[in-house]
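**Student:** Let me begin by handing over the structure; questions about it come next.
The values are calculated or read from the model by the stated rules, or taken from the named source; none is laboratory data. Given the structure is predicted, the values throughout are model-derived calculations rather than measurements. Cβ placement follows ideal geometry from the backbone for every residue including glycine, while neighbour counts extend to all protein chains displayed.
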Amino acid sequence: MKKKKILIVSTGGTISSKYDGEKGYSPAISAQELGSSLGGAEGVANIETVQFCNVLSFALKPNQILELVNMIRTRLADEDYAGAVVTQGTATMEETSYLADLMWDVEKPLVFTGAMLNASERDWDGARNVRNSVLVAANPKSRGKGVLVCMGGEIHAARDVSKIHKTSLNTFVSLNVGPLGLVSNNRVIFYRDPILRKVFAPVERLETNVEILKVSLGSTSKILDLMISEGYKGIVIESLPGGGGVTPEIMDSIRRAQGQDIVFVQTPRSPMGTSVSRASGGCGPWDLRQCGVINGGDLTSVKARILLMVTLPVVDSKMELKAIFDEIAP
């Protein structure tokens with residue numbers, strides 16, 4: 001039987017980095033070199049590589065991910081391809097993978113992976129993660145599951161995964177629902193399908209004029225007032241933990257902005273559970289709803305921001321946008 005092809009697209013990141021004297025580490029390994037580090041996984045597929053860019057992931061931009069997705073979609077139109085793997089830095093992977101997932105209207109799997117240790121370190125985890133990701137991308141059971149994140153032997157849905165630890169190799173977890181499956185002894189095992197997935201395609205542009213405001217004890221409205229005056233199209237309010245209230249000053253600023261061409265989404269700082277509290281008191285979740293602030297549900301603030309970037313250009317009203325959040329962020 002003819003082996004399928006897997007496309008490995010490198011964007012840089014720790015997985016592609018080596019130490020560079022006193023400056024720390026920086027991207028130095030090419031996509032082709034990553035493709036040659038598979039340790040046996042090449043037996044399941046023919047590997048082709050593309051060097052999309054070579055930066056640490058905090059230098060990536062949303063529109064680059066739009067370009068990346070369009071490029072991979074075009075390449076995977078060739079029936080000889082089974083899927084694709086994107087290697088990148090872990091700092092923004094929970095965001096880039098979800099952005100890609102919202103635009104990924106292809107049955108073939110797109111798998112994001114990276115490394116917590118750079119390639120100069122003896123126990124570099126990059127080769128194993130790339131190998132596992134190739135196995136996932138080549139497996140027929142991965143079809144139709146959208147964009148996946150494969151790190152540390154676990155397979156996660158892009159919508160649900162978060163990076164929660166600063167240094168652990170098992171930093172990526174799906175806090176509310178757990179992983180979709182795992183890779184063990186070169187076997188790809190799925191326990192469930194992704195939930196609450198929605199695709200907006202084709203996406204012609206992103207609304208990148210969207211930001212996050214984090215609320216903490218005694219937060220004033222100075223930063224929020226500036227964001228409103230600067231014409232942001234969407235602001236995600238990362239409210240206080242639990243049900244998710246804000247300070248009176250923040251609440252007053254939101255009230256003053258009613259009627260302006262701006263969308264507010266609220267999601268609590270607590271990363272698990274969903275925002276369902278009816279607490280009021282003048283600046284609680286109930287009060288926010290009365291001002292038209294959309295409930296971000298179980299999404300983290302960074303995921304809610306990504307969803308706004310994709311949906312703002314394609315909706316005609318705030319009610320339509322609210323319906324989307326109600327559907328996929330309960």
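**Student:** For the range 278-288, indicate whether the set of residues that are touching a strand residue (DSSP E or B) at 6+ places or on another chain (Cβ under 8 Å) and surrounded by fewer than 19 Cβ atoms within 10 Å (Cβ to Cβ) is non-empty.
**Tutor:** Checked against the condition, which is being touching a strand residue (DSSP E or B) at 6+ places or on another chain (Cβ under 8 Å) and surrounded by fewer than 19 Cβ atoms within 10 Å (Cβ to Cβ), the range 278-288 yields no hits at all.
**Student:** Continuing with the same structure: Which pairs have Cβ atoms under 9 Å, sit 6 or more apart or on different chains, and link a residue in the range 260-281 that is in the same structural domain as Ser229 (by TED's automatic domain parsing) and modelled with pLDDT of 90 or more to one that is aromatic (Phe, Trp, Tyr) and surrounded by 13 or more Cβ atoms within 10 Å (Cβ to Cβ)?
**Tutor:** Within 9 Å, the pairs are Ile262/Tyr232; Val265/Phe325.
**Student:** Another one. Given Ile254, Ile306, Ile250, which one is surrounded by 19 or more Cβ atoms within 10 Å (Cβ to Cβ) and under 20 Å from the mean Cα position of the chain (by Cα)?
**Tutor:** Ile306
**Student:** Let me ask something additional. Restricting attention to strands (runs of 3 or more DSSP E) lying wholly within the range 80-170, give those where 3 or more residues are polar (S, T, N, Q) and under 17 Å from the mean Cα position of the chain (by Cα).
**Tutor:** Hits in the range 80-170: none.
**Student:** Moving on. Considering only the range 1-38, state which residues are more than 17 Å from Val50 (Cα to Cα), charged (D, E, K, R) and not in a loop (DSSP other than H, G, I, E, B).
**Tutor:** Listed by number, the residues that qualify are Lys18, Glu22, Lys23.
**Student:** Also, quick follow-up: Pairs needed: first member in the range 107-124, within 27 Å of Pro140 (Cβ to Cβ); second member anywhere, assigned to a loop (DSSP other than H, G, I, E, B) and of a type in the set (D, E, K, R); C-beta distance under 7 Å; at least 6 residues apart or different chains.
**Tutor:** Qualifying pairs under 7 Å: Glu107/Arg143; Lys108/Arg143; Pro109/Arg143; Pro109/Lys145; Ala115/Asp125.
**Student:** Can you find, within the range 58-93, the residue that is surrounded by the fewest Cβ atoms within 10 Å (Cβ to Cβ) among those that are polar (S, T, N, Q) and closer than 22 Å to Leu38 by Cβ?
**Tutor:** Thr90
**Student:** Still on this structure: Could you run through the range 178-209 and say how many residues are among the aliphatic types (A, V, I, L, M), buried (at least 17 other Cβ atoms within 10 Å of the Cβ), at pLDDT 95 or above and part of a loop (DSSP other than H, G, I, E, B)?
**Tutor:** Going through the range 178-209 one residue at a time, the tally reaches 2.
**Student:** Just wondering, is there one or more residues in the range 291-305 that are more than 21 Å from Asp160 (Cα to Cα), of a type outside the set (D, E, K, R) and not in a loop (DSSP other than H, G, I, E, B)?
**Tutor:** no
**Student:** Please enumerate the residues belonging to the range 89-120 that are touching a Cys at 6+ places or on another chain (Cβ under 9 Å) and either over 23 Å from Lys198 (Cβ atoms) or not assigned by TED's automatic domain parsing to the domain that holds Gly35 (or both).
**Tutor:** Thr113, the sole residue that qualifies.
**Student:** Still on this structure, please answer the following. What's the number of the only condition in (1) assigned by TED's automatic domain parsing to the domain that holds Val293; (2) surrounded by fewer than 16 Cβ atoms within 10 Å (Cβ to Cβ); (3) in a loop (DSSP other than H, G, I, E, B) that Gly244 fails to meet?
**Tutor:** (2)
**Student:** While we're here: Can Gly24 be described as surrounded by fewer than 21 Cβ atoms within 10 Å (Cβ to Cβ) and of a type outside the set (Asp, Glu)?
**Tutor:** Yes, satisfied.
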